[in-house]
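Enquirer: Please find one structure pasted underneath; my questions will follow.
The values are calculated or read from the model by the stated rules, or taken from the named source; none is laboratory data. All values reported here derive from a predicted model rather than from experimental measurement. Ideal geometry is used to build each Cβ from the backbone, glycine not excepted, and the neighbour counts take in all protein chains shown. Accessible surface is based on the protein model in full, side chains and every heavy atom, while ligands, DNA and RNA are left aside. Shrake-Rupley method; radii C 1.70, N 1.55, O 1.52, S 1.80 Å.
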Amino acid sequence: MHKFPQAFLWGAATSAHQVEGQNIYNDWWQAEQGHFLKEASHSACKHYELYAEDFAIAKQLNHNCHRFSIEWSRIEPSEGNFQPLEIEHYRKIIADLKSKGIEPIVTLHHFTNPIWFSQKGGWAKFKLQRYFLRFVDKIVREFAGQVKFWITINEPLVYSSHAYLLGAWPPGECSLFKTAKVTLNLAQAHIKAYRIIHKIYRQKALARPMVSIAANLQAFEICQPTLKNKLAAYLRNKLYNFYFIDTLLRAKTLDYIGINYYGRNLVDARSWRIRDLLLRTCQDNHYPLRKNSLGWDIYPEGLFKLLITAKRYNLPVLITENGICTEDDDLRWDYIREHLEQLQRAIGGGVRVLGYIYWSLIDNFEWDKGFAPRFGLVHVDYQNYKRTIKASAMKLAEVFKSGEI
Ligand code: GAL
């Protein structure tokens with residue numbers, strides 16, 4: 001038995017578009033109306049209406065923090081037209097969490113953009129960052145007194161690569177040049193947002209906030225020890241895992257490192273072509289691992305290895321997402337338990353960890369994959385929106401209560 005640190009943050013995450021429903025003013029909703037995506041989000045989990053019920057479940061499961069995102073397109077459905085009623089909605093959400101003793105951890109950008117912003121050119125245009133920064137300024141002024149933890153941008157590289165390189169997410173582009181531009185734009189937006197947030201806290205004489213991004217880190221393991229694979233793994237680690245974090249750290253704009261970790265990427269670069277070096281993964285089933293329902297490799301040890309690598313930053317880390325989509329709830333529990341064991345191992349190795357946030361509190365809309373993948377601790381029946389707590393959630397609740405695994 002190992003104890004986690006005192007005041008450890010224990011909770012689960014959601015994002016607005018994946019759970020709220022009827023986010024009709026964002027670019028995902030717009031894309032869902034065409035033939036580009038296989039499923040539309042519709043009412044999602046009706047969390048916009050049912051949030052208090054969901055947070056009551058989180059409380060019952062001993063969560064002491066909850067990560068969620070504020071939907072920019074609700075707050076500003078058309079340019080400059082801020083909606084006081086929607087701001088009130090999120091104020092109620094934060095108040096409800098706090099009344100239940102649950103610390104809000106607020107994400108400001110989680111993959112979606114207002115339609116008007118994307119029509120102007122979205123993140124592919126540097127000069128448009130100012131719109132996001134104006135939204136950040138507005139929201140942070142509203143909620144500074146209630147919120148300590150902010151995440152400016154969720155998984156910037158997942159966003160830029162899926163939306164601008166792989167063409168899988170709106171706006172569906174396939175351009176390496178634009179991917180690089182969007183990534184840089186997001187980095188600049190974070191750096192400026194970080195400064196805005198800190199300035200507001202200083203002006204209001206509030207205690208320093210904790211501001212970061214949620215970085216998606218993958219365990220890049222090589223399939224065969226060839227030179228190509230070694231170079232490919234080095235590049236992926238450097239560019240995909242650490243480039244963004246390094247850039248933000250040079251600007252001194254991270255108070256902790258938010259890490260989203262899911263599993264292994266088995267590097268198999270068969271040629272020197274850039275696409276192979278950066279993207280090709282092994283499809284043969286040697287070195288087989290257990291998989292989630294989307295076929296991603298389960299690799300708890302990868303979390304330990306990445307955390308030990310991140311030790312060099314000398315900053316605390318927060319696991320802002322870790323989770324599995326599966327119909328097999330025993331496998332979900334094994335996944336969680338084994339990742340918590342690796343987390344414990346990293347803490348033993350000297351990594352400062354602030355908390356563990358499971359993805360996700362409830363089953364939800366998994367972007368281009370639709371509703372089939374079920375990541376939730378709580379099952380959602382999409383016919384009647386009934387919530388049912390899974391056995392794995394109860395086991396995790398025991399860990400959250402005792403603080404040991
Ligand atoms: C992350 C993302 C979440 C969720 C999760 C599971 O990349 O931040 O929105 O979809 O993956 O795939």
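Enquirer: How large is the Kirkwood hydrodynamic radius of the stretch 133-256, counting all unique pairs of alpha carbons, in Å?
Expert: This gives a value of 16.0 Å.
Enquirer: Let me ask something additional. Which whole-number percentage describes the relative contact order of the chain, with Cα contacts under 8 Å and a sequence gap of 6 or more?
Expert: With pairs under 8 Å counted, the relative contact order is 19 percent.
Enquirer: Next up: Taking the Cα centre as origin and putting +1 on Lys and Arg beta-carbons and -1 on Asp and Glu beta-carbons, what dipole magnitude results for the chain, to the nearest 20 debye?
Expert: 1740 debye
Enquirer: Right, another one. Remind me, relative contact order of the stretch 275-363 in percent, using alpha carbon pairs under 8 angstrom and six or more residues apart?
Expert: Worked out over the stretch 275-363, it gives 35 percent.
Enquirer: Still on this structure: Going by Cβ distance under 4.7 Å, what cysteines of the chain have no possible disulfide partner?
Expert: Taking the Cβ cut-off of 4.7 Å, the unpaired cysteines of the chain are C45, C65, C174, C325.
Enquirer: Further question on the same structure: Grab the other residues whose beta carbon is less than 10 angstrom from that of S360, score K and R as +1, D and E as -1, and report the net.
Expert: Local net charge: -1.
Enquirer: Calculate, in nm to one decimal, what R208 and L231 gain on full extension: separation in residues at 0.36 nm each, minus their alpha carbon distance. Please list the in-between numbers first.
Expert: On the way: separation 23, 0.36 × 23 = 8.28 nm, distance 4.06 nm.
Gain on stretching R208 to L231: 4.2 nm.
Enquirer: Which net charge results when you count Lys and Arg as +1 and Asp and Glu as -1 among the other residues whose beta-carbon is under 14 Å from that of K92?
Expert: Numbers: positive: R74, R91, K98, K100; negative: E20, E49, E53, D54, E86, E88, D96, E142.
Neighbour charge sum, excluding K92 itself: -4.
Enquirer: When Rg is the radius of gyration of the Cα atoms in the chain and Rh is its Kirkwood radius, what does Rg/Rh come to?
Expert: Rg/Rh for the chain comes to 0.93.
Enquirer: Given only helices, namely DSSP H runs of n ≥ 4 each adding -39500 (n - 2.57), what is the per-residue ellipticity at 222 nm of the chain, to the nearest 500 deg cm²/dmol?
Expert: Computed ellipticity for the chain at 222 nm equals -12500 deg cm²/dmol.
Enquirer: Largest first and in whole Å, give the semi-axes of the stretch 349-405's equivalent ellipsoid, each being the square root of 5 times a Cα gyration tensor eigenvalue.
Expert: Ellipsoid half-lengths, sorted descending, are 27, 16, 7 Å.
Enquirer: Go through the stretch 58-120 and name the GluC sites (Glu not before Pro) that are in a DSSP coil and have 15 or fewer other Cβ atoms within 10 Å of their Cβ.
Expert: For GluC sites (Glu not before Pro) across the stretch 58-120 that sit outside H, G, I, E and B with at most 15 neighbouring Cβ atoms in 10 Å, the list reads E79.
Enquirer: Give, in nm to one decimal, the length gained when the segment between N384 and S175 is fully stretched (0.36 nm per residue of separation minus the Cα-Cα distance).
Expert: Additional length available on full extension: 71.1 nm.
Enquirer: Under 5 Å between amide hydrogens, which residues at least 5 positions from L354 or on another chain qualify, with H placed 1.01 Å from N in the peptide plane?
Expert: V317, L318, I319
Enquirer: Ordered by residue, what ³J(HN,Hα) values in Hz, to whole numbers, does the stretch 159-173 give under the Karplus form 6.51 cos²θ - 1.76 cosθ + 1.60, where θ = phi - 60° and Gly and Pro are x?
Expert: For the stretch 159-173, the Karplus-derived couplings read 4, 5, 6, 6, 8, 10, 10, 8, x, 8, 10, x, x, x, 9 Hz, x marking Gly and Pro.
Enquirer: Say each of E404 and R141 gets a label point 7 Å from the Cα, pointing the same way as Cα to Cβ; how far apart are those two points in nm?
Expert: Reported label-point gap for E404 and R141 is 5.0 nm.
Enquirer: Evaluate the distance, in nm, between pseudo-label points positioned 7 Å from the Cα of T309 and of Q33 along their respective Cα→Cβ axes.
Expert: Here the answer is 4.2 nm between the modelled labels.
Enquirer: What are the ³J(HN,Hα) couplings of the stretch 189-198, residue after residue, when phi is run through the Karplus curve with 6.51, -1.76, 1.60 and θ = phi - 60°? Round to Hz, x for glycine and proline.
Expert: Once θ is set to phi - 60°, the couplings for the stretch 189-198 become 4, 4, 4, 6, 4, 4, 5, 4, 4, 5 Hz.
Enquirer: Please report the carbon-and-sulfur percent of the accessible area for the chain; probe 1.4 Å, protein heavy atoms only, DNA, RNA and ligands left out.
Expert: Working: 8820 of 16390 Å².
Percent of accessible area from carbon and sulfur atoms in the chain: 54.
Enquirer: Antiparallel DSSP bridges in the stretch 9-402: what percent, to the nearest 5?
Expert: 15 percent
Enquirer: Determine ³J(HN,Hα), in whole Hz, for all residues of the stretch 250-265 in sequence, where each value follows from phi through the Karplus function 6.51 cos²θ - 1.76 cosθ + 1.60 and θ = phi - 60°; x replaces Gly and Pro.
Expert: Values, residue by residue: 4, 8, 6, 10, 9, 8, 7, 10, x, 10, 9, 10, 10, x, 8, 10 Hz.
Enquirer: How about the stretch 33-115: which trypsin sites (Lys or Arg not before Pro) there lie in a loop by DSSP and see at most 13 other Cβ atoms within 10 Å?
Expert: When the trypsin sites (Lys or Arg not before Pro) of the stretch 33-115 are filtered for loop state and at most 13 Cβ neighbours within 10 Å, K38 remain.
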